[in-house]
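Notes follow the structure.
None of the figures in this text is laboratory data; all of them are computed from the coordinates on show. Treat the numbers as computed from the prediction; the structure is a model and nothing was measured.
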């Protein structure tokens, strides 16, 4: 079976040129090794995921100077952000992920960005330093999602925006997730903040834009 992903730096361009559905590849044997596993990456970067990424990008404001991808993984969404709409007004890109393997790939995929291997709960960035923060399909994995969201709001400058997306917990059954929010529960989770909520990904994900 042919595998597309052999070089993480060129794999996104290759995948974006091909309209293939995700194949049922088994996951990599260890969580932190998955980002260097070509078969896992091919499944991860399915056409449905890429279409979802473009939906998210279409929601983003362009008035930003510093953009942070919170939980950037291997950097493929950040790569799209750099190459797409937000880059017209953004001059500095940052990605952070708890996985050292993912951060290493992200630094290759996005050499012009500052990639941080670090905690979602103690981000090594100054208060009020970021104009736009994106956090796509990350909070459902975390044991302390409220703490992570508070940290995003800490580094967000006044007048900035945070975009967060999570799968609809009423239909999400993946055992690797720790949080399963239905719409009412996710609205309650976001209640301390100013936000607007939409459904994307054919209704399978909630996406909210928070303001400060």
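Test of understanding: what is the full-extension gain from residue 112 to residue 178, defined as 0.36 nm times their sequence separation minus their Cα-Cα distance?
Working: separation 66, 0.36 × 66 = 23.76 nm, distance 3.27 nm.
20.5 nm is the gain from fully extending residue 112 to residue 178.
Given 0.36 nm per residue, what is the gain on full extension from residue 199 to residue 147 after removing their alpha carbon distance, in nm?
Between residue 199 and residue 147, full extension yields 16.3 nm more.
Starting from the alpha-carbon convex hull of the range 138-212, give the projected area averaged over all orientations, in nm².
The number I arrive at for the range 138-212 is 4.7 nm².
Report, to two decimal places, the Cα Rg of the range 49-211 normalised by 2.2 N^0.38 Å (N = number of residues).
Ratio of Rg to 2.2 N^0.38 Å for the range 49-211: 0.95.
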